[in-house]
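To start, the structure under review is shown below, and the notes come after it.
Here, each number is a calculation from the coordinates, and none is a lab measurement. Only a predicted model underlies this, so the values are computations on that prediction, with no experimental measurement involved. Cβ: placed from backbone, ideal geometry, glycine included. Neighbour counts: every protein chain shown.
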Amino acid sequence: MNLTVCSFSPEHQEFLFRLYASTRQREFASLGWPPVQLEVFLRMQFNNQQRWYETAYPDAEHRIILGDAEPIGRILVNRTAEYLLLVDIALLPEHQNRGIGAKYLRELNEESEQTGVPVRLQVLKTNPAQHLYERLGFVKTGEDELYLQMERGIGGLKS
């Protein structure tokens, strides 16, 4: 598969909803809601997430991950003088566990090495991606009820 990225544009909005829903439907399927009600709920949650990202990270770089020129995921990175914050990385389920996310995380780690600032992120405690982050040198720096905060410092060490 030929992997590339492109800048987010409004035409990607429906893809982003599909991506969001694909990663969240299983969580909410147990509620037993009819499909229409579940979609309305997921759209509301998606819109809230999008507004939060726009408000909290107005200067973040938002890229769409393309596989053979078709959208398959997204990566959202907020760069500051002190750190690179991985706000979100997500792939459609059929493209997960194929090394694609790891490729873009390694690129972010290389940028970290070049700029001399650590990479930070937070991940749901129930998300199996935390094991990928650990393999790539991220260590837990904190946690709350839902999330682990992780960081990869320069040379793969915590800053």
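Once the Cβ-Cβ distance of residue 51 and residue 124 is raised to the sixth power relative to R0 = 22 Å, the FRET efficiency obtained is 0.65.
For residue 111 and residue 134, calculate 0.36 nm times their separation in residues minus their Cα-Cα distance, and state this gained length in nm to one decimal.
Extra length available between residue 111 and residue 134 comes to 6.5 nm.
Please work out how much length the chain gains when fully extended from residue 24 to residue 144, using 0.36 nm per residue of separation minus the C-alpha to C-alpha distance, in nm with one decimal.
Computed gain between residue 24 and residue 144 is 41.2 nm.
Expressed to the nearest 5 percent, the antiparallel share of DSSP beta bridges inside the chain is 90 percent. Over the range 27-108, the alpha carbon radius of gyration divided by the compact-protein estimate 2.2 N^0.38 Å works out to 1.30.
What FRET efficiency comes out for the pair residue 43/residue 154, r = Cβ-Cβ distance, R0 = 41 Å, nearest 0.05? That gives a FRET efficiency of 0.50. Over the chain, DSSP H runs of length four or greater, each weighted -39,500 (n - 2.57), average out per residue to a 222 nm ellipticity of -13000 deg cm²/dmol.
The range 3-156 gives an Rg/Rh value of 0.96, both radii derived from C-alpha positions and Rh following Kirkwood.
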